[in-house]
1. As an exercise, use a Förster radius of 35 Å and the Cβ-Cβ distance of Ser113 and Lys318 to find the FRET efficiency, rounded to the nearest 0.05.
2. Add +1 for every Lys or Arg and -1 for every Asp or Glu among the other residues with Cβ under 14 Å from the Cβ of Glu196, and state the total.
3. Multiplying the sequence separation of Gln193 and Leu46 by 0.36 nm and subtracting their Cα-Cα distance, what value in nm do you get?
4. Which of the aspartates and glutamates could a cross-linker bridge to Lys318, judged by Cα under 16 Å and excluding same-chain residues fewer than eight apart?
5. When a footprinting reagent is the concern and you count Cβ atoms within 10 Å, what order do Ser307, Ser532 take, fewest first?
6. HN-Hα J couplings of region 188-198 from phi, Karplus 6.51/-1.76/1.60, θ = phi - 60°, integer Hz, Gly and Pro as x?
7. For Lys35, list the lysines whose Cα falls under 21 Å from its own Cα; do not include residues on the same chain fewer than 8 positions away.
8. Which distance in Å, rounded to a whole number, links the C-alpha centroids of region 428-452 and region 475-516?
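Every number here is computed from the coordinates shown, using simple stated rules; none is lab data. Computed from a prediction, not measured in an experiment: that's the story for all the values here. Please note: Cβ atoms are built from the backbone with ideal geometry, for glycine as well, and neighbour counts cover all protein chains shown.
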Amino acid sequence: MSTTTADTTVTAEDLYTIGAEIHDAKAPLDSPLDKMWGQRKFTAKLVNPSNRRKLNIIIVGTGLAGGAAAASLGEMGYHVLNFCYQDSPRRAHSIAAQGGINAAKNYRNDGDSTYRLFYDTVKGGDYRARETNVYRLAEVSANIIDQCVAQGVPFAREYGGLLDNRSFGGVQVSRTFYARGQTGQQLLIGAYQALERQVAAGTVSMYARHEMQDVIVADGRARGIVVRDMVTGEIQTYYADVVILATGGYGNVFFLSTNAMGSNTTAIWRAHKRGAFFGNPCYTQIHPTCIPQHGEYQSKLTLMSESLRNDGRIWVPKRVEDCSKDPREIPEADRDYYLERIYPSFGNLVPRDIASRQAKYMCDEGRGVGPEVEEVDQATGQKVLRRRGVYLDFADALNRLGHKAVEAKYGNLFDMYQQITGENPYETPMRIYPAVHYTMGGLWVDYDLETTIPGLFCAGEANFADQGANRLGASALMQGLADGYFVLPETIPNYLAGMLRAEPIDDSHPAAQEAIAAVKERTQKLLTIQGSRSVDSFHKELGRIMWEYCGMERREEGLVRAIGLIRDLRADFWTDVKVTGEGVGLNQALERAARLADFLELGELMCIDALQRRESCGGHFRAESKTPDGEALRHDDQFLYVSAWEAAGEDGKPTLHKEPLVYKNIELKTRSYK
Ligand SMILES: Cc1cc2nc3c(=O)[nH]c(=O)nc-3n(C[C@H](O)[C@H](O)[C@H](O)COP(=O)(O)OP(=O)(O)OC[C@H]3O[C@@H](n4cnc5c(N)ncnc54)[C@H](O)[C@@H]3O)c2cc1C
């Protein structure tokens, strides 16, 4: 199947085939929701302590999901082989998380409960997540805080010494635990020290600077991985009884995002090509409070934590002619606090997808602030000059709370803003604009977090399970740690109990030989093209296509066009990319090229997924599907399913398997934050 840039006759249905429905067979659906996890744990098989040391577990990833799982399974007595591409497990991207982690502790006595966290999360995800998984997430959320406090994580405390909470978007309770603007860092240090304890005890073997390139599926089960030692360039294999991928999100398909520069899709994409279905690839979270892009040479965007929306007020000038003025000269009467105006109940704390879209609309109307930038108008195709920024203003909070209190809460975020922009947010409002931040899609997993490849599990941001079509703030850390500390340690033994008599495998197995040969051939191919364009120039172009056509607003014709453009770009990449250096030794150009090759395939699947979902839900906003007042319009009668994609076969078309979403406990409603 080929479509090119000029091809306007292609429809969504030409690009994929429909396969059989898929269902989660592991959640005990006959139990009441609040008994389900207990029931699953009770029926799960166990492995006795003396057998555990005979079983090997590969975990790829040392972020909150992978690090927590490795520490926990090591502590239980299994032998864990833990991989990451950074020079230390402690540098996983989770360390960047700023704002906080949710838990239904109800410390504020403001009406919170497990059920309310469950309800808020399902609603926040625009009714596109499984009830079963989300309820479990809410249920174990309180344990996460106890676990982390026991590890010594220095959560913020109130004057009296009790743990403090703040609010995040999309909810009306304060349930977010935080450590200033460094929550991810403190949580990761907690997980890391637990992990290092196991490394010292000999239950976990750590392989830093090893990048997984493929999964070895032998006799129908995941039994190992192929990695590249990033220092020597050697291609190596590792084998185990079960493989867990906790490899983070793929937001860098957009080139510019708030993710760490190294974040990529390779591990899950390679697994997808070996048979793991990919869930909801098009669901991307665009975060409303990021520092606007300031130049063409920029390779990363910076998040300003959502916690700032607790005290900062978002506004744009009422009149276009005021947009170039110093904000301090614009009187109150001429300011439009548009979120407070449109959504009086939630105000500045509406969910991220809504806050992002409204910022876009304000700028589309010509009421954005900051420097003018040239861009292509999606609707008309014309080049236009627009300002892409809105104000986040702390003047009220500074008057109300005082400089010292604001500094205590947000000081490090204010410093970061000043260092990057040269502007002092204590004196002049911050300028912010939405940016790609998180990917709700990922490998499809069942209730046990097992993918469609037996013995291959997936956790944290790398799986699709809990966030639906939009992620509420502070729920990714919750999910990563729930998966790592509480879910996998219960479900992995159930799988391993059946592996005690499994024959060990090694490089002589045909599946291993095939995977090793495929990795070597691919690496060699990248090194021998020796074309004229740098890896980054291809990546930037892919990012522009994705942002323009598969970003905050998506349209039928734009997505078809994007697919053609991506196919052309991919063909150019494989004939004209220039990868400098050699296969042996450290070669960052080679690392980036290999990751980009996977992004170039994933980007196409994201567009196909966005094309087939002719509705708006959460972060997936189809311009053709909106209410009269411009809000997302779902079509539950047609799209109440998870898209689980099977990799393209000979005909080049991926297959869509639909997992129907069944809501027994929550009534489907139109999301309203007004
Ligand atoms: C700037 C920023 C701020 C955020 N703030 C918050 C917040 O306040 N609250 C919240 O809930 N969420 C927040 N998030 C989201 C959250 O941080 C992430 O979703 C979460 O940390 C992901 O954890 P993870 O363990 O799934 O993956 P990661 O932390 O990304 O870890 C991935 C691991 O996999 C390894 N890896 C990947 N591919 C390979 C490979 N091929 N071979 C070997 N190793 C591999 C990496 O080396 C790494 O160890 C934020 C995100 C960003 C970008």
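1. Details: r = 41 Å, r/R0 = 1.17.
E between Ser113 and Lys318, to the nearest 0.05, is 0.30.
2. Working: positive: Arg90, Arg91, Arg197; negative: Glu75.
For residues surrounding Glu196, the net value is +2.
3. So the extension gain works out to 50.2 nm.
4. Cα-Cα hits under 16 Å: Asp326, Glu329, Glu332, Asp334, Asp336, Glu340, Asp364, Glu365, Asp393.
5. Working: Ser307 26, Ser532 10.
Listed from fewest to most nearby Cβ atoms, that is Ser532, Ser307.
6. Using θ = phi - 60°, the values come out as 5, 5, x, 5, 5, 5, 5, 5, 5, 4, 6 Hz.
7. Qualifying lysines at Cα under 21 Å: Lys26, Lys45, Lys105, Lys664.
8. Answer, in whole Å: 23.
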